[in-house]
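Undergrad: Please read through the structure below; I'll follow up with questions.
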Amino acid sequence: MASIFTKIIKGEIPCYKVAESADFFAFLDINPNAKGHTLVVPKKEVNKIFDLEEAAYLGLMTFARKVAIALEKAVPCDRIGISVIGLEVPHVHVHLIPLHSMNDIDFKHKVSLTSEEFSTLANSISEAFDTSEV
Ligand code: 5GP
């Protein structure tokens, strides 16, 4: 069965999209640790990150870096944190989280956003995203 993220990539389930390339897709986490919490996923469905082919792994990290640069421009923060867990959704995803403190990346503290706030955030990150070379 297709993962929830494959359904999002295919547009079968809505999301707040941030960026897309031929092989990768970025969208806002629906239960964010902090404003701007973004997930970056390969379109090809693979469960565990270190099972990716080396080229796909490096491509994912290159794409995630571009998203992180846009995120830091769009969302005021001290820095962008990165985490890979995958215990909930068995489809590789990189968490990019704007950090103000360690609480923002402990996955215990969550923020609640309106759909308008999600849309505004996704648009700002998307506008800051460098679409060259993707
Ligand atoms: P993990 O698998 O890394 O433990 O966590 C999965 C992450 O995906 C969680 O942060 C969760 O909020 C997010 N997530 C789960 N289902 C959806 C969904 O349908 N849409 C979005 N945008 N995020 C989701």
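All of the numbers you see were taken from the coordinates with simple rules; none came from a lab. Bear in mind that the values here come from a model prediction, so they are computed numbers and not experimental data. Please note: Cβ atoms are built from the backbone with ideal geometry, for glycine as well, and neighbour counts cover all protein chains shown.
Undergrad: What's the extension gain from ASN47 to HIS100 if we count 0.36 nm per residue and subtract their Cα-Cα distance?
TA: Taking 0.36 nm per residue and subtracting the Cα distance, the gain is 16.1 nm.
Undergrad: Take the Cα coordinates of the chain, assign each an equal point scatterer, and use the Debye formula without solvent to give log10 I(q)/I(0) at q = 0.14 Å⁻¹.
TA: -0.57
Undergrad: Then there is this: State the extension gain, in nm to one decimal, for the chain segment bounded by GLU12 and ILE69, taking 0.36 nm per residue of separation less the distance between their alpha-carbons. Can you show the working numbers first?
TA: On the way: separation 57, 0.36 × 57 = 20.52 nm, distance 2.82 nm.
Full-extension gain reported as 17.7 nm.
Undergrad: Defining a contact as two alpha carbons under 8 Å apart and six or more residues distant in sequence, what relative contact order in percent does the chain show?
TA: Working: 227 pairs, mean separation 41.4, N = 134.
Once normalised by length, the contact order is 31 percent.
Undergrad: With point charges of +1 on the Cβ of Lys and Arg and -1 on the Cβ of Asp and Glu, referenced to the Cα centre of the chain, which listed residue (VAL46, THR114, ILE85) lies farthest in the positive direction of the dipole?
TA: Value computed over the given set: THR114.
Undergrad: Another question about this same structure. With everything on Cα atoms, drop me the angle between helix 54-74 and the longest principal axis of the chain, reported from 0 to 90° to the nearest 10.
TA: Helix 54-74 sits roughly 20 degrees off the main axis of the chain.
Undergrad: With axes computed from alpha carbons, what is the tilt in degrees of helix 115-128 against the longest principal axis of the chain, rounded to the nearest 10 within 0 to 90?
TA: Relative to the chain, helix 115-128 is tipped by roughly 70 degrees.
Undergrad: Just add up the charged neighbours of ALA122: K/R +1, D/E -1, any other residue whose Cβ is under 15 Å from the Cβ of ALA122.
TA: So the environment of ALA122 carries a net charge of -2.
Undergrad: Could you line up LEU52, LEU28 from fewest to most neighbouring Cβ atoms inside 10 Å?
TA: Working: LEU52 18, LEU28 21.
Least crowded to most crowded, the residues run LEU52, LEU28.
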